[in-house]
Amino acid sequence: MREIQASQITKVIRDLFIDANYNLGADVLAAFDRGIATDESPVAREVLKELKENARIAREEHSPICQDTGLAVVFVDMGQDVHVVGGNLRDAINEGVRQGYKEGYLRKSACHPFTRKNTGDNTPAIIHYDIVPGDKIRIMAVPKGGGAENMSRVHMLTPSAGAEGVKDFIVNRMKEAGSNPCPPTIVGVGIGGTFERTAILAKKALLRKVGQRNPDPEIAKMERDVLERINKLGIGPMGYGGNTTALDVFFEVEPCHIASLPLAVNVQCHANRHKEATI
Ligand code: SF4
């Protein structure tokens, strides 16, 4: 059994949330460049240049890409041969979030749902655990902004809806969302499982890099089809029109009940923040 200090996990979480909020991924920046080169709308091309410039300033001046620095979502792949010592895993993660949001000067967005009283330190983190083979811990930090999250939906389709019903629902969702999720968006889609599982699949889909297709060729084709349809909606970057409304669409698919076709659409904004580390 390999021992890992809780304090090490705290440090990694702290650094990941600061890094994610300051440094937009190279895959997203490259997708901005493709839009700048190809979007038919001059206004859209200008907006994409502004988004790229915003990301440059954040990176070079060590400041957040967006004022909404998100709720702290954490995915943990926990090796079954790891023993956390010197504290427990949940507390270690929350302490990392606390330190990261304080020391990185990141806005604290977590509050009570009714009183709206801020918890003061952006905890508790939303933590998803998976137990995996091995003696390592893989940690993925996802600061998730409220605007895009509000546009997300879970819907229990009937099996007869089929692949076309799934695609129509996603495209209609993005049409209704319009400029609210600060496009160009990344669209995470969960299909199958149960009500709660499909939502986690959709969130997990957002961890992929732009351009990384589902390994199943049929599913990959659905991703490309939906991306093309969303980009024909004309919403464009930040809603100013154009054909760069989404940068990518990711499907994660699992078996479901014979009576169900669960579907979740988790919308991510252009501030597509996620960083990971393995201890
Ligand atoms: S949706 Fe994204 S870009 Fe828009 S305000 Fe929220 S975090 Fe910022």
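Structural remarks
- Between SER260 and LYS232, the FRET efficiency estimated from the beta carbon spacing at R0 = 25 angstrom works out to 0.25.
- Here the chain exposes an accessible surface that is 54 percent carbon and sulfur, computed with a 1.4 Å probe and the other protein chains kept in place.
- Excluding ligands, DNA and RNA, the accessible surface per residue across segment 208-255 is 49 Å² with a 1.4 Å probe.
- Reciprocal of mean inverse Cα separation for segment 1-146 (Kirkwood radius, Å): 16.8 Å
- Modelled label reach - ARG138, point 7 Å along Cα→Cβ, segment 186-213 residues with backbone N closer than 17 Å: 201-210, 212-213
- The GNM of the chain, with springs linking C-alpha atoms under 10 angstrom apart, assigns the highest mean-square fluctuation among LYS117, LYS52, LYS175 to LYS117.
- Accessible area (Å², 1.4 Å probe, nearest 10) - PHE195: 120 Å²
- For segment 1-79, the C-alpha radius of gyration divided by 2.2 N^0.38 Å, with N the number of residues, is 1.47.
- For segment 90-148, the spread of Cα coordinates along the three principal axes comes to 42, 24, 22 Å, biggest extent given first.
- Cα-based values for segment 111-263, radius of gyration first and Dmax second, are 16.7, 49 Å.
- GNM flexibility winner over the chain from ASN23, ASN214, ASN266 (Cα, springs under 10 Å): ASN214
- Span per principal axis, largest first, for the Cα atoms of the chain (Å): 54, 50, 39
- 26 Å Cα-Cα threshold exceeded, pairs from LYS102/LYS144; LYS52/LYS275; LYS11/LYS144; LYS144/LYS167: none
- DSSP-defined beta bridges in the chain - what % are antiparallel, rounded to 5: 55 percent
- Of VAL43, VAL210, VAL187, the one that fluctuates the most in a GNM where the chain has Cα springs shorter than 10 Å: VAL43
- Enclosed volume per residue, in Å³, of the convex hull spanned by Cα atoms of segment 127-193: 136 Å³
- Scaled against the 2.2 N^0.38 Å expected of a compact globular protein of N residues, the Cα radius of gyration of segment 213-279 reads 1.37.
- Amide H contacts for LEU261 (H built 1.01 Å from N in the peptide plane; partners 5 or more residues away or on another chain; cut-off under 5 Å): LEU157.
- For the chain, cysteines whose Cβ has no other cysteine Cβ within reach (under 4.7 Å): CYS66, CYS111, CYS256
- Contact order relative to length of the chain, as percent, for alpha carbon pairs under 8 angstrom and 6 or more apart: 26 percent
The values are calculated or read from the model by the stated rules, or taken from the named source; none is laboratory data. All values derive from a computational prediction rather than experimental measurement. Glycine also receives a Cβ, built like all others from the backbone with ideal geometry; neighbour counts cover every protein chain displayed. With ligands, DNA and RNA removed, areas are computed over all heavy atoms of the protein, side chains included. Shrake-Rupley method; radii C 1.70, N 1.55, O 1.52, S 1.80 Å.
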